[in-house]
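Every read-out reported here was derived from the displayed coordinates using simple, explicitly stated rules and does not represent laboratory data. Note that the structure is predicted; figures quoted are calculated from it, not measured. Counting neighbours? That spans all protein chains shown, and the Cβs are built from the backbone with ideal geometry, glycine included.
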Amino acid sequence: MRSEAGVVCGLDCGKERRMEVIHLKAGENVAKRKDKVSAWYIVQEGNVTLRHEFEETTLGPNAIIGILEQDWFICDYYASTDVTLYVFPCEGVNDLKQFLAAEPKMRRIFLRSALLQRHQLFCAYADMYHKVRQFQNLSDTLYEEYVYLCARSKVEAKQSLDVANITPLEMQHKAENWEINNSNSLIRGALDAYLNLMETDEDLCIGSIMEASAQMHRIARGIREMTNYLRNNRDALFSQVRSDLFHASLLLQSGVKARGGDDGEIKKLIEKQLGYAKELGIFQEELLVSCAKEYASNTEKETAVDQECKTDLEYILQFAGYEGDKYQEMQELFVAYEKVKDADNKDEAAYRLRKQVGKVFYELYWDCFLQAVEGRKKITPVMEMFFNFAYIDQGFLGEDKTSELYQLSAHLDMCASDHVFTIFRWLRAVYEGEKEPSKNEFDMDYTAYLNDGLRRGEWTKEEVARRKQDQKAKARYELENMFTSVNRVTYGNITMFSPVLCEKDLFNSLDKMVVTADRIEDAFNTVRKIDYSLFYRPMLPRTGTSDLIKNEMVMEEILPDVILMPNAGTRAMMWQETASVRNDTPARFMIPIFTAVDLQEAILENCGRYRWEMCRKIQGVRWNDIRERSLTSDYYDYLQFYRKNRELSAETKDQIKGALARAKNNFREIFVKDYQNWIKYEAKGGFRLNRYVRQIMFTYCPFSKAYRADLKTNPMFADAIGKLETNNARNYKRLQGLYEKYKREGGTITPELRENLNFYQM
């Protein structure tokens, strides 16, 4: 291993300058799941941990991070010690082949790393597979024992326990036994002989690496499947929502004690559950500690106290703090609306009730929101359903859909990521100052809204200054403006819209309709894989004050925030291209949390709108000035003067005329349709656009390297691809020289600068 590490060190001495050295402190991220793979990282010194939710794998010197991935990292990697890494720009087999052709002595290192990492991943897979089997067996055994003790104690077993419905996992990405055995035998006894053979031939070496990479990618996805299975089913044994086996067993114990019976066997069952839970290692420590305290407290109690049962509507109204006339009026309104909720838009009474409910719902939401965020009341499962899905009562959904929604509320982490928010989580982020309020339907941000109120005499300067710092006022503004407007529009049928979730809107099972963070990210990544520059923006460097780079623009990828609206709707929206007047803030996309429409199509369409609006924002008042060449100015010029364009045929001009008529002369919407065709068809060699539009698209929305490689021989794209890659190579060479000079002056190549270099290699 030491001699092979010395080969890597040799690259830093000047022969191959594409390799760059970076140093990370323990705990720092190397790569995060869902990050774009634009480079591989070779561990030179120290250790990096590959993290799944319940499993971790340590990667030591000469390990290559990224070799198991394809387009996006599917695992998290962080430095478990201080580490030194070599950054190797690589997006796939073509880059790998080019590099190993130039550096044949690296074949052995790369192949050895791939095989060892594959073996480690097989071991992690086997451990996870054992954990899943253990969980399945324990769930069955413990539930059967619970049912037996209920029968023996002459107590009816609690109905609708999730544990009774756990089914064995059917793997989509499975490792075969022969693959694991083959890897074991290779690593234990035949590795050196195999490496000696494979490093003699470039194609043999690359083929073996990519074969191992494909296996690793599949196995990593299999581990992800098992992780999701355990995460989605573990609440059946232990959870905070109290529909689990543990709390059912506590209730059984309380009932037996209340009658003066012997609870000894039940105590053994509960202690067994706690012991097995700790052994499985899939539960949060805080949860198990809390459950253990509940058991101790329950054991000390003489009798159990039954909680008063209320309708969910009554519970929500009480949570809001309503009482007296207010409580009665609200209850009567929602009960009345429940009776006509399914009426069509021609029913005058139903229409009036929908309008009334639409007004009071957001008032109720705000009052409940304050109770929750100010810590006055604990958020229960019913309130999770209200806050995130606009659930009011079982009468609006029916028993089956309510049960589905209840189960879903226990897995809200599926609808959350760094860039994906439920409406409650988003409002809370605004309330806590993590996010700024969105624009209102008049395209005014919070500051513009306040200044407009000042101009109209609604507020004094002092009041405006106070409101700018008042996080509660910001959250209220977000609820009364963005939430109310977007909720109605994303539903897709304004005349029939009601903010209350109703059964008629849920025409499929919730697990098929729910929009998860993974579904959203996969849809965005499908577009980013083709249009690699989609979310990149030119920015001034955030770090470094050297005259060499402080005014040198860098390309930075800023992914959008997605807010899930609490409705079952049919429309997604690109609400705003940035979060504020600053261009370094994320766009905001709004999507219904339940939808039956094609999510991929909806996101692609709104990516087109984002492309247009982002260009308009950057260009400002010159967005349509052809003297300032840009996507919008070129496209505006094309549509404005298409009749005089000699490059367009008479048939094409007729098509443009028809498109303008259908779009009511909205140039952006015509661009969006062309953008959809660009991504769906043109990227794969299917021609849908005229030559003039194709040229505009390739100039401002170029395909990624992998797609360009497939289109290079196509005469429709050959010239444009050649110009783009020549220009990118020129920019890369200039920046590389500039950054080398910056390093010699004592500067550090930050992740931001590395990303800028990588951009010109995509």
**Study point:** Inter-residue pairs, beta-carbon under 6 Å, first over 26 Å from P168 (Cβ atoms) and in segment 110-132, second outside any helix (DSSP H, G or I), 6+ apart
**Key:** S113/N62; S113/A63; S113/I64; A114/I67; Q120/T57
Check your understanding: Taking into account only those residues within segment 133-156 that are free of Cβ contacts under 8 Å to residues at least 24 places away in the same chain and part of a loop (DSSP other than H, G, I, E, B), which is farthest from K401 (Cα to Cα)?
Key -> K154
Review point. Going by the structure shown, is L427 at negative phi, buried (at least 18 other Cβ atoms within 10 Å of the Cβ) and out of contact with any Lys or Arg (no Cβ under 7 Å at 6 or more places or on another chain)?
Key: yes
Study note, to complete from the structure: Of those in segment 234-289 that are among the hydroxyl-bearing types (S, T, Y) and farther than 11 Å from L142 by Cβ, the residue nearest to the chain's Cα centre (by Cα) is S239
Review point. Going by the structure shown, is L195 under 30 Å from M414 (Cβ atoms), over 37 Å from the mean Cα position of the chain (by Cα), in a helix (DSSP H, G or I) and touching a residue at least 40 places away in the same chain (Cβ under 8 Å)?
Key: no
Check your understanding: When you go through (1) out of contact with any Phe, Trp or Tyr (no Cβ under 7 Å at 6 or more places or on another chain); (2) surrounded by 15 or more Cβ atoms within 10 Å (Cβ to Cβ); (3) outside any helix (DSSP H, G or I) one by one for Y742, which number turns out not to apply?
Key -> (3)
**Study point:** Members of segment 520-536 found to be charged (D, E, K, R) and surrounded by fewer than 18 Cβ atoms within 10 Å (Cβ to Cβ), listed by number
**Key:** D522
Review point. Where in segment 546-662 are there helices (runs of 4 or more DSSP H), lying fully within it, with 3 or more residues that are free of Cβ contacts under 8 Å to residues at least 12 places away in the same chain, more than 36 Å from the chain's Cα centre (by Cα) and surrounded by fewer than 18 Cβ atoms within 10 Å (Cβ to Cβ)?
Key: 650-662
Revision key, fill the gap. Checking S208, S160, S183, S239 in turn, the sole residue that is touching a Leu at 6+ places or on another chain (Cβ under 7 Å) and either of a type in the set (G, A, S) or not in a helix (DSSP H, G or I) (or both) turns out to be S208
